[in-house]
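Novice: Pasting in a structure now, in structure tokens, and then I'll have a few things to ask.
The values are calculated or read from the model by the stated rules, or taken from the named source; none is laboratory data. Given the structure is predicted, the values throughout are model-derived calculations rather than measurements. Cβ atoms come from the backbone with ideal geometry, glycine included; neighbour counts cover every protein chain shown. Accessible surface is based on the protein model in full, side chains and every heavy atom, while ligands, DNA and RNA are left aside. Shrake-Rupley method; radii C 1.70, N 1.55, O 1.52, S 1.80 Å.
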Amino acid sequence: MTRTGTIATGRTLTATLGSAKNRRRIGAAASHTVLILASLIILIPFLYGLWISLSPFTDITARGFQFNPTPAHYEGLFGRGSRIPALLVNSIVVSLAATLLSLAIGSLSAYAIGRFSWSRWVTVGILGWLIVVQTLPAIALVGPYYTLARQSGLYDTRFVLVLVYILINLPLVIWMMLAYFQGLPRELEEAGVIDGMTPWQIYLYIMVPLSAPALAASGVIAFIFSWKEFLMALSLTSTPSAMTLPVGIAGFVQDYSIQYGPMAAASTIAVIPGLLLAMFAQRHIVSGLTTGAMKQ
Amino acid sequence: MSAAIGYGRRFKVVAIVPLVLIIGALSIYPLIELLVMSLGDVAVRFGERQWAWRGLANYQRMFADAGYWVAVRNTLVYVISSMGAEFVIGLSLALLTTKIRRGAAVYRTILLIPLLVPPIAVATSWRLMYNPNFGLFNRVFRMLSMSPQYWLSQPESALPAVIAVSIWYWTAYSFILLLAGLQNIPGELYESADIDGAGAIQRFFYITLPLLKPAIAVTILFRSVNAFKVFDIVYALTFGGPGLSTEVINTYVYKVFIIHQRLGYGASLAITAILIVGVVSIGYTKLFGVERGLR
């Protein structure tokens, strides 16, 4: 359905070029352009940070743009006197522990809640309270946590951070696993019962393996949330015995000067898990974010 | 109901115990503690908590505390602007994404990245970009013969500058939720609309928008609740300054708790913050009929 020779009569560009197929092509091309622009806007701060982390201070503050890469900032981070390696270890340990424990507790709880009969008070109470916990501004818990942690000697320990992160991640893990378990057919448990399995065996040997995708999705999200968490770590730790990487990065901002180079280097390191997970676990993350939202 | 009545009775109770313990110890108990703290003067000395009854004195002080209410106002401005912009941009990007055949996954991956990194980690870059002397933005401004701005160091521009970073960071959240909603709209509806000769604008307002309502409601609700919790981005960029221009609820309460160590007073501020967020959430839910829309 092409119309030729009608440009002069003021028809729209798309009507002139004609076919639906061409219109779709232009639509797609325009969409790509905008999306590429958006992608660049997203990427530029990261690339800028990378450049800062590799440039000597004179380059960072210079007028023009030069690229004289130097590993000095990174070497400083891992050299003597730097607390970054300790913070990195803390972040990894705390995030992994919190993730594994939230998955273990959350999955088991979701199975128990979703596949067994309870009085309505119990399910509404627990699930409702989980919503409250998720909605709560974290600041509300900082005060009591700080006080209780100082009283009990748990202040500035990895243990207390793991506990707090488990609480923070449990709601999402439970929502995701609940949705998944409720979608599984009853025959699975019935077959297990017929085979003489106990509920624990059914859970561990049938349910858990089957729910691997949901576990992966909630695990990825739990890890990311734990890794990037800042307020609790800032409030509940003060030395490298428990301090995490994000808090350490903030420490590069001193009263009258900001050590841009080392800060950018530490920031680039902090970005790596997120980057890797975005590249390789994108489906899981999206599924986690949308299920978590939709199912409520 | 499983195979037999009473099946798994012990299992289900035992299975729930860890969850109940954690919820009890880490959320119910601390919140009660928070309430108690707000009714007194609290200090922790030598590992012991000292509490002296003050009744509602903390709350009275709160009403006279101009700083807190500036923080509340800033937070509301932040929530509304950030969420509004993210919604519009996210929806546009989502709509565009449905128009392309390939590459959607790549764009989604890239847009997702900020969400997965600690906000402090992007603060260096943004602080430098905003730097008046050698920052990216002012370099561009000078090239275009526009006068360089003081972005983060000026009260008037500080909050918008922080909001801009927040939009950059959080747009992917709305984008993903809205894209999922769009992808749930059956293609047949659009095809029959085409056959009926509907234009793009009609398609948008009569098919897309109505069917997207649940996703829109969820996106707005979730992102708003989330936005009230802002702390990391503000801390990383300005920590509330200059003056009080970027002070938000969480940074203010944090300062009261941790820096000024006024635990009782901070608790009353925190309780008020909970009430504010609670009222807003309930208001939203009623407004959008979220529960009805989703069932």
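Novice: Which residue, chosen from B:Leu179, B:Ala215, B:Val234, occupies the Cα position most advanced towards the positive end of the dipole of the stretch B:176-245, where the dipole is computed from +1 (Lys, Arg) and -1 (Asp, Glu) charges on Cβ about the Cα centre?
Specialist: Highest projection toward the positive end goes to B:Val234.
Novice: Counting only other chains, and only Cβ atoms inside 10 Å, what mean value do you get across the residues of A:113-120?
Specialist: Details: counts 4, 0, 4, 10, 8, 3, 0, 0.
Per-residue shielding by partner chains comes out at 4.
Novice: Protein chains only, probe 1.4 Å: how do A:Thr33, B:Thr75 rank by accessible area, largest first?
Specialist: So the residues, ranked largest to smallest area, are A:Thr33, B:Thr75.
Novice: What's the FRET efficiency of A:Phe78 with A:Val208 using the Cβ-Cβ distance as r and R₀ = 25 Å, to the nearest 0.05? Walk me through the intermediate numbers first.
Specialist: Values: r = 39 Å, r/R0 = 1.54.
Efficiency computed from Cβ-Cβ geometry: 0.05.
Novice: Moving on to the next point. Can you give the relative contact order of chain A as a percent, counting alpha carbon pairs under 8 Å and 6+ residues apart?
Specialist: 27
Novice: Using protein chains only and a probe of 1.4 angstrom, how many square angstrom of A:Met176 are accessible, to the nearest 10?
Specialist: Accessible area of A:Met176: about 10 Å².
Novice: Could I ask something else about it? Which residues in the stretch B:255-277 place their backbone N less than 16 Å from a point set 7 Å from the Cα of B:Leu56 along the Cα-to-Cβ direction?
Specialist: B:268-269, B:271-272
Novice: Specify which residue in the list A:Thr147, A:Leu184, A:Ala28 is farthest towards the positive end of the charge dipole of chain A, using unit charges on the beta carbon of Lys, Arg (+1) and Asp, Glu (-1), about the Cα centre.
Specialist: Working it through, the farthest residue towards the positive pole turns out to be A:Ala28.
Novice: How about the stretch B:83-191: which trypsin sites (Lys or Arg not before Pro) there are in a DSSP loop, with at most 10 other Cβ atoms within 10 Å of their Cβ? Could the numbers behind the result be given before it?
Specialist: On the way: sites: B:Lys99, B:Arg101, B:Arg102, B:Arg108, B:Arg127, B:Arg139, B:Arg142; in loops: B:Arg101, B:Arg102.
Sparse-neighbourhood loop trypsin sites (Lys or Arg not before Pro): B:Arg101, B:Arg102.
Novice: Magnitude of the Cβ-charge dipole of chain A, K/R +1 and D/E -1, about the Cα centre, nearest 20 debye?
Specialist: 1180
Novice: Keeping all protein chains in the complex and leaving out DNA, RNA and ligands, what accessible area do you get for B:Met143 with a 1.4 Å probe, in Å² to the nearest 10?
Specialist: Estimated to the nearest 10 Å², B:Met143 gives 150 Å².
Novice: Can you tell me which lysines have their Cα less than 25 Å from the Cα of B:Lys12? Leave out same-chain residues fewer than eight positions away.
Specialist: A:Lys295
Novice: Keeping all protein chains in place and using 1.4 angstrom, which order do A:Tyr145, B:Tyr29 fall into by accessible surface area, from largest down? Each step should come with its number before you reach the end.
Specialist: Details: A:Tyr145 15, B:Tyr29 115 Å².
Largest to smallest exposure gives the sequence B:Tyr29, A:Tyr145.
Novice: Which residue, B:Asp194, B:Asp65, B:Asp232, has the most motion in a Gaussian network model of chain B that connects Cα atoms within less than 10 Å?
Specialist: B:Asp194
Novice: Let me ask another. Roll a 1.4 angstrom probe over the protein heavy atoms and tell me the percent of accessible area of chain A that is carbon or sulfur.
Specialist: Its accessible area is 68 percent carbon and sulfur atoms.
Novice: Could you state how much accessible area B:His260 has, in square angstrom rounded to the nearest 10, with a 1.4 Å probe and all protein chains kept in place?
Specialist: B:His260 exposes around 110 Å² with every protein chain in place.
Novice: Using a/c under 1.5 as the rounded threshold, could you call the protein assembly as shown rounded, prolate or oblate? The axes a ≥ b ≥ c are square roots of the C-alpha gyration tensor eigenvalues, and prolate needs a/b larger than b/c, oblate otherwise.
Specialist: oblate
Novice: Amide H to amide H under 5 Å from B:Gly40: which residues, 5+ apart in sequence or cross-chain, H placed 1.01 Å off N in plane?
Specialist: When sequence neighbours closer than 5 places are left aside, the close amide H contacts are B:Arg54.
Novice: Hey, another quick one. Based on the alpha-carbon gyration tensor of chain A and its eigenvalue square roots a ≥ b ≥ c, which shape applies: rounded if a/c is under 1.5, prolate if not and a/b is larger than b/c, or oblate?
Specialist: oblate
Novice: For the protein assembly as shown, with only Lys/Arg (+1) and Asp/Glu (-1) charged at the beta-carbon, what is the dipole magnitude about the Cα centre, in debye rounded to 20? Provide the component values of the computation, followed by the final result.
Specialist: Working: 41 positive and 22 negative charges, 181 e Å.
My answer is approximately 860 debye.
Novice: Also, I was wondering about something else. At 222 nm, what value in deg cm²/dmol follows for chain A if DSSP H runs of at least 4 each add -39500 (n - 2.57) and the sum is divided by all its residues, to the nearest 500?
Specialist: Taken over chain A, the calculation gives -23500 deg cm²/dmol.
Novice: Top to bottom by accessible area (1.4 Å), largest first, where do A:Phe159, A:Phe230 land?
Specialist: Ranked from most to least accessible, the order is A:Phe159, A:Phe230.
Novice: Then there's this: Among A:Glu75, A:Glu190, A:Glu229, which one shows the biggest mean-square fluctuation in a GNM of chain A, springs joining Cα atoms closer than 10 Å?
Specialist: Among A:Glu75, A:Glu190, A:Glu229, the largest mean-square fluctuation in the Gaussian network model of chain A belongs to A:Glu190.
Novice: Would you mind checking the pairs B:Lys229/B:Lys255; A:Lys228/B:Lys229; A:Lys21/B:Lys213; A:Lys228/B:Lys213; B:Lys99/B:Lys229; A:Lys21/B:Lys99 and listing those with alpha carbons more than 24 angstrom apart?
Specialist: Going by Cα-Cα distance, A:Lys21/B:Lys213; A:Lys228/B:Lys213; B:Lys99/B:Lys229 fall outside the 24 Å limit.
Novice: Using a 1.4 Å probe on protein heavy atoms only, how many Å² of accessible area do B and A hide from each other, summed over both chains and rounded to 100?
Specialist: Protein heavy atoms only, the B-A interface buries about 8700 Å².
Novice: Test of understanding: in a Gaussian network model of chain A with alpha carbons linked when under 10 Å, which of A:Gly64, A:Gly49, A:Gly125 would top the mean-square fluctuation ranking?
Specialist: Of the options given, A:Gly64 has the highest mean-square fluctuation.
Novice: Further question: May I ask you to order A:204-217, A:103-116 by the average number of other C-beta atoms within 10 Å around their residues, highest value first?
Specialist: In descending order of packing, they fall as A:103-116, A:204-217.
Novice: Could you grab the relative contact order for chain B? Cα pairs under 8 Å, six or more apart, rounded to a whole percent. Working shown, then result.
Specialist: Working: 309 pairs, mean separation 83.1, N = 295.
With pairs under 8 Å counted, the relative contact order is 28 percent.
Novice: Charges on Cβ only, +1 for Lys and Arg, -1 for Asp and Glu, centred on the Cα centroid of the protein assembly as shown; of A:Ile42, B:Ala200, B:Met146, which one is farthest towards the dipole's positive end?
Specialist: It is B:Ala200, whose Cα lies furthest towards the positive end.
Novice: Using the alpha carbons of the stretch B:174-264, what is the convex hull volume per residue in cubic angstrom, as a whole number?
Specialist: Cα-based convex hull of the stretch B:174-264, divided per residue, equals 129 Å³.
Novice: Is the stretch A:58-200 best put as rounded, prolate or oblate by its Cα gyration tensor, with a ≥ b ≥ c the root eigenvalues, rounded for a/c under 1.5, and otherwise prolate when a/b is larger than b/c, oblate when not? Each step should come with its number before you reach the end.
Specialist: On the way: a/c = 2.65, a/b = 2.05, b/c = 1.29.
Taking the square roots of the gyration eigenvalues as a ≥ b ≥ c, the stretch A:58-200 is prolate.
Novice: Moving on. Could you report the stretch B:50-192's accessible area per residue, 1.4 Å probe, as an integer in Å²?
Specialist: Numbers: 6290 Å² over 143 residues.
Normalised by residue count, the accessible surface of the stretch B:50-192 is 44 Å².
Novice: Moving on to the next point. Counting only helical runs of four or more DSSP H residues, what would the 222 nm mean residue ellipticity of chain B come to if each run contributes -39,500 (n - 2.57) and the total is spread over all its residues? Before the final figure, lay out each step's value.
Specialist: Details: 15 runs with 201 residues, N = 295.
Rounded to the nearest 500, it is -22000 deg cm²/dmol.
Novice: Now, a different point. Mind listing which chymotrypsin sites (Phe, Trp or Tyr not before Pro) in the stretch B:34-101 are in a DSSP loop and have 15 or fewer other Cβ atoms within 10 Å?
Specialist: B:Phe46
Novice: Okay, next question. How large is the accessible surface per residue of chain A, computed with a 1.4 Å probe and reported in Å² as a whole number?
Specialist: Solvent-accessible surface per residue comes out at 45 Å².
Novice: In whole Hz, what ³J(HN,Hα) sequence does the stretch A:106-118 give by Karplus (6.51, -1.76, 1.60; θ = phi - 60°), x for Gly and Pro?
Specialist: x, 5, 4, 5, 4, 5, 4, 5, x, 10, 10, 8, 9
Novice: ³J(HN,Hα) across the stretch A:228-235 via Karplus (A = 6.51, B = -1.76, C = 1.60, θ = phi - 60°), whole Hz, x for Gly/Pro?
Specialist: 8, 4, 10, 4, 5, 4, 5, 7
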